[in-house]
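Chemist: Please find one structure pasted underneath; my questions will follow.
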Amino acid sequence: MPTLAELRAENDRIEARTKQLLEDFPGASWGPKQQTEWDTLMNRAEQLKGEFAAQDTALKNAANSSPWKNQSGGDVKVLRNSADIRAHYAAMNNTGRPGEEIRIDDFLRGVAGMKSSTAVQNALSTGTDTAGGYLLPSVVMPGILEALVPASSLLSAGAGIVPLDAGARNFTTAAIDTIPTAQWRLESGQIATSEATFRAVVAAPKSLAFMFKVSRELLADAPNMAAALNVAIGQAFAKELDRVGLRGSGTAPEPHGILTTSGIQTMGNGANGKALADYANFLSAAETILQADAPAPLAAIMSPRSLIRLAGLVDGNKQPLAPPRMLENWKMLSTSQIPNNLSVGTSSDCSEIYVGDFSKVNFMMREQVSIQIARELFAGTGEVGFICHVRADVAVMYPKAIAVITGVR
């Protein structure tokens, strides 16, 4: 069965082709060949409606047949891939009719007061927030989040999105601080006291926003506008979520990131930093994590400069330097959000590398993105401005599972 993404792509192609036929042959003044093509397109468009409905029903049944489970079988709502995202939001369809599709471009046309579908008008009449914006319908959210995942190094490394229900201002969840130590005891002997095992992590979602503009003509006419908007919005949020997830200062209004979370492992790389020459840093980080009885690392996140230098390492015979067998299955990822101008000792050209099991990091996010329209700001140029808001926080569930290598030159 085709995926929803494949069905939407085919639907977009049909829309583009029918629009082109109408433009090329005004008043439907085409011959038998064009008429046959038109009938074929219309028949396929009708079939797609049924396939959309079947996909929607299948996803809802999967989501509602048992308590929601993530990939590892847990009952906690942690979204890590497209399947998780689709299953979660399928159970929240708020368009009013099962299987009904709302695209982001159609939704924004409705927000801007332009012609849009009945489903959009229904969504706009019920989905408002306290700031006067409009909450994206649940059927639109997967497209945004699916575009966000591959654009974020943290999400690509295994971090999850935890969708939070509206209501409470703060959310408290249990995180692992240290593994308890079991000890043998004599009959009737005292049970040894172990270290604290769990700690409370309080997530207080904070506002992240950006503004973009688009011409009214492009918003109304471009057949691929929905895909472009999903990518633009998803990647705009992904870039900043990556930065704050890794290096967030914790100074309001910015959340704490991995670097500023108490309990993570930090490793220096010489008094004044040192250039990557081999994989020794990665092995040392893995040893530190395993020595703390934390899960084995699965990925490393670094700046593009570090990733390229790592790829360019050669051995004594000028052949590419192969990674040790232990690292062969690691994901080696990069993000421009890790700087290359950090100061260590007398050096001011240093960077960082983050190593660990990033499934222990979650973005705690409110369910829906909110969009406001800047009605007058670009009216003089015939453009429409939109302001996108999301509320999120970062929770490191097991700090000792991650090590940060500093002083990387």
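FYI, it's all coordinate maths here, none of it is from the lab. Since this is a predicted model, take the numbers as computed values, not measurements. Cβ: placed from backbone, ideal geometry, glycine included. Neighbour counts: every protein chain shown.
Chemist: Under a point spin-label approximation (7 Å from Cα along Cα-to-Cβ), what is the residue 170-residue 37 distance to one decimal in nm?
Modeler: Here the answer is 6.3 nm between the modelled labels.
Chemist: Tell me, 15, 254 in order of fewest to most beta-carbon neighbours within 10 Å?
Modeler: Listing 15, 254 from fewest to most nearby Cβ atoms yields 15, 254.
Chemist: Here's a follow-up. Using the crude model of +1 on Lys and Arg Cβ and -1 on Asp and Glu Cβ, and no other charge, please compute the dipole size for the chain relative to its Cα centre, in debye to 20.
Modeler: 520 debye
Chemist: Bin by bin, in steps of 5 Å, what percent of the Cα pairs in the range 327-409 do you find, going until the bin that has the longest distance?
Modeler: Going out from 0 Å in 5 Å bins, the range 327-409 shows 3, 11, 12, 13, 13, 13, 11, 9, 9, 6, 2, 0 percent.
Chemist: Based on the Kirkwood radius over alpha-carbon pairs, what value in µm²/s does the Stokes-Einstein equation return for the translational diffusion coefficient of the range 367-409 at 25 °C and 0.890 mPa s?
Modeler: 165 µm²/s
Chemist: Can you tell me which of 135, 342, 219 moves the most in a GNM of the chain? Springs connect C-alpha atoms under 10 Å apart.
Modeler: Of 135, 342, 219, the most mobile in the Gaussian network model is 342.
Chemist: Select from 159, 335, 45 the residue farthest towards the positive end of the dipole of the chain; place +1 on Cβ of Lys and Arg, -1 on Cβ of Asp and Glu, and compute about the Cα centre.
Modeler: The residue sitting farthest along the positive end of the dipole is 335.
Chemist: Checking the table 274/360; 213/274; 77/400; 206/400; 274/331 against a 32 Å threshold on Cα-Cα, which pairs fail?
Modeler: 213/274
Chemist: Fewest first, what order do 176, 161 take by the number of other Cβ atoms within 10 Å?
Modeler: 176, 161
Chemist: Within the range 303-409, list the GluC sites (Glu not before Pro) lying in a DSSP loop whose Cβ has at most 13 other Cβ atoms in a 10 Å radius.
Modeler: Of the GluC sites (Glu not before Pro), the ones in loops of the range 303-409 whose Cβ has at most 13 other Cβ atoms within 10 Å are 328, 376.
Chemist: Work out, in µm²/s and without decimals, the Stokes-Einstein translational diffusion coefficient of the chain at 20 °C, 1.002 mPa s, Rh from Kirkwood over C-alpha pairs.
Modeler: For these conditions, the coefficient is 88 µm²/s.
Chemist: I want to check the label-to-label distance for residue 6 and residue 181. Put each point 7 Å from Cα in the C-beta direction and report it in nm to one decimal.
Modeler: Modelled inter-label distance: 5.5 nm.
Chemist: Here is a further query. Over the chain, with a Gaussian network built from C-alpha contacts below 10 Å, which listed residue (272, 43, 362) shows the highest mean-square fluctuation?
Modeler: Its mean-square fluctuation being the largest, the pick is 43.
Chemist: Just to be sure I understand the model, the point goes 7 Å from the Cα along the line to the Cβ. What's the resulting residue 319 to residue 81 distance in nm?
Modeler: 3.4 nm
Chemist: Taking other Cβ within 10 Å of each residue's Cβ, how do 225, 211, 332 sort, fewest first?
Modeler: Ordered from fewest to most neighbouring Cβ atoms within 10 Å, 225, 211, 332 come out as 211, 332, 225.
Chemist: How much length, in nm to one decimal, is gained on full extension between residue 29 and residue 17, taken as 0.36 nm per residue of separation minus their Cα-Cα distance?
Modeler: That works out to 2.7 nm of additional length.
Chemist: Tell me, in nm to one decimal, what length is gained between residue 293 and residue 239 on full extension, where the rule is 0.36 nm per residue of separation less the Cα-Cα distance?
Modeler: Taking residue 293 through residue 239 to full extension adds about 16.3 nm, to one decimal.
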